[in-house]
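Before any comments, here is the structure.
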């Protein structure tokens, strides 16, 4: 009988003291204080795998129930780690990827319920099916082979991020919980800090309920009787289902998946169809940035803006995980406070999401941003983040105006798509600078209402916009007509720049 025990076999890529290596689930916790973090280049995969590791930690401890308890886990980790290792030993059979009865996060899928597909169906970063080519050029006609470790990571990522759409059983596919969400995870200095910081204290769902529930691997199969007070796994419901606690949400199985390993242990094929539909679409997840309608109070997910880098949505993301307006504290706010109390110099957060168009993955986007718990609780500072974005948009408008003026002066047809290309290097370089200003806001509230901050940011915006314009003009062939068009473009450009604030030491262009 084939077996791959995730508790003992190496499958988690990590950054260790001597470089990148793979470790088992047990060693990830035993050595977590000396590991810098996961070594995964596809941000949605990092988010999904981290959520599973958090679920293992919280299932073992049934906590934390407070900030103080989370802080104790960082100060005195030995007892917690021993408890996690003991938990993995207790549930070891449920962490076997190829177990004949309860393979990890899978279930047997009948051949009449789903056709056998290549394993590429589980790789969101591959050019498989409807997906765009993100990082790979595999084709479905030649089945690739994944080792068990890579296959389980693809399985975990699919459960949280696969887009809906398409015919399936028992009903057509719906979005997985994180498909259209921007996920935000706190990043510690070590893997252990990251897991503890993101271990959220859930809100009780009903009276006498601690809010944790049980992960899917602890639950009896659908239709089976309760086991020690743990209710059976949910059965698919076209109308949608509500997670039975925080751990059920972390281990939500949006797809019924069966890996089909070959005799050599490699995985080339699988079966997959629709399974559980999340009734709230992910708005109840404390790792998802959520915005609320001011009139109705209805919650909706903050999503990836089409064609836009993550940092340009920073104000929406920060509001979406903030603690203003007496919202429930997000996992991010809890984790940042814990790391700050533990002495982290400036905690970072990973923001990751997919751009999905008509059930197709168009792009995966991510960013690392410096934050603080105080920033997330300060409406004025959050407003300043939005102000920085607005100033940056003015720089882009100046470049757009320059392009349109150049087109008119040179006799070319006005084309906004060309104007967009003029802005590409501007947004790229400005994005590298933005975290410095965000970190200043995270450190302390400006004593002047943010005027100096806006001025220095305005200086940066003008400088980056000028560099982008100079790069564009230097690439053009210079003849008398082109020279005149350049002059007209620069006039339009500088006119638009006048609306951008500046620090007192710099003259407005």
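The values are calculated or read from the model by the stated rules, or taken from the named source; none is laboratory data. Since this is a predicted model, take the numbers as computed values, not measurements. Cβ sites come from the backbone with ideal geometry, for glycine too, and all protein chains shown count toward neighbours.
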Hits in the range 56-78 - residues which are in a helix (DSSP H, G or I), surrounded by fewer than 23 Cβ atoms within 10 Å (Cβ to Cβ) and touching a helix residue (DSSP H, G or I) at 6+ places or on another chain (Cβ under 9 Å): 59, 60, 61, 67, 69, 71, 72, 74, 77
Any hit, the range 418-433, residues being outside the structural domain of residue 368 (by TED's automatic domain parsing), in a helix (DSSP H, G or I) and over 29 Å from the mean Cα position of the chain (by Cα): yes
Residue in the range 306-322 that is more than 19 Å from residue 438 (Cβ to Cβ) and in the same structural domain as residue 348 (by TED's automatic domain parsing) present: yes
Tally of residues being surrounded by fewer than 17 Cβ atoms within 10 Å (Cβ to Cβ) and either farther than 17 Å from residue 221 by Cα or touching a residue at least 40 places away in the same chain (Cβ under 8 Å) (or both) across the range 92-101: 2
Extreme residue, farthest from the chain's Cα centre (by Cα), among residues of the range 371-411 that are surrounded by fewer than 20 Cβ atoms within 10 Å (Cβ to Cβ) and outside any helix (DSSP H, G or I): 411
Of all residues making up the range 437-474, the number that are in a helix (DSSP H, G or I) and closer than 21 Å to residue 346 by Cα: 9
Of all residues making up the range 9-21, the number that are at negative phi and surrounded by fewer than 15 Cβ atoms within 10 Å (Cβ to Cβ): 3
Residues (outside any loop (DSSP other than H, G, I, E, B), modelled with pLDDT under 90 and in contact with a strand residue (DSSP E or B) (Cβ under 9 Å, 6 or more places away or on another chain)) located in the range 271-324: 291, 292, 299
Answer from 497, 453 - the residue that is under 15 Å from residue 397 (Cα atoms) and either touching a residue at least 24 places away in the same chain (Cβ under 8 Å) or within 30 Å of the chain's Cα centre (by Cα) (or both): 497
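So that you can scan it fast, the table gives a plain yes or no per residue for (1) surrounded by fewer than 22 Cβ atoms within 10 Å (Cβ to Cβ); (2) farther than 21 Å from residue 49 by Cα:
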{"site": "270", "(1), (2)": "no, no"}
{"site": "286", "(1), (2)": "no, no"}
{"site": "297", "(1), (2)": "yes, yes"}
{"site": "313", "(1), (2)": "no, yes"}
The range 65-90 residues that are under 17 Å from residue 7 (Cβ atoms), paired with ones that are not in a helix (DSSP H, G or I) (beta carbon under 7 Å, 6 or more apart): 88/7
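Table: residues versus (1) exposed (fewer than 15 other Cβ atoms within 10 Å of the Cβ); (2) closer than 26 Å to residue 74 by Cα; (3) touching a strand residue (DSSP E or B) at 6+ places or on another chain (Cβ under 8 Å).
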| residue | (1), (2), (3) |
| --- | --- |
| 169 | no, no, yes |
| 183 | no, yes, yes |
| 203 | yes, yes, no |
| 215 | no, yes, no |
| 222 | yes, no, no |
| 227 | yes, no, no |
Filter pass, residue 263 being without any contact (Cβ under 8 Å) to a residue 12 or more places away in the chain, assigned to a loop (DSSP other than H, G, I, E, B), over 22 Å from the mean Cα position of the chain (by Cα) and surrounded by fewer than 15 Cβ atoms within 10 Å (Cβ to Cβ): yes
Residue in the range 331-343 that is in a loop (DSSP other than H, G, I, E, B) and outside the structural domain of residue 112 (by TED's automatic domain parsing) present: yes
One residue from 211, 164 being touching a helix residue (DSSP H, G or I) at 6+ places or on another chain (Cβ under 9 Å), surrounded by fewer than 19 Cβ atoms within 10 Å (Cβ to Cβ) and over 30 Å from residue 16 (Cβ atoms): 211
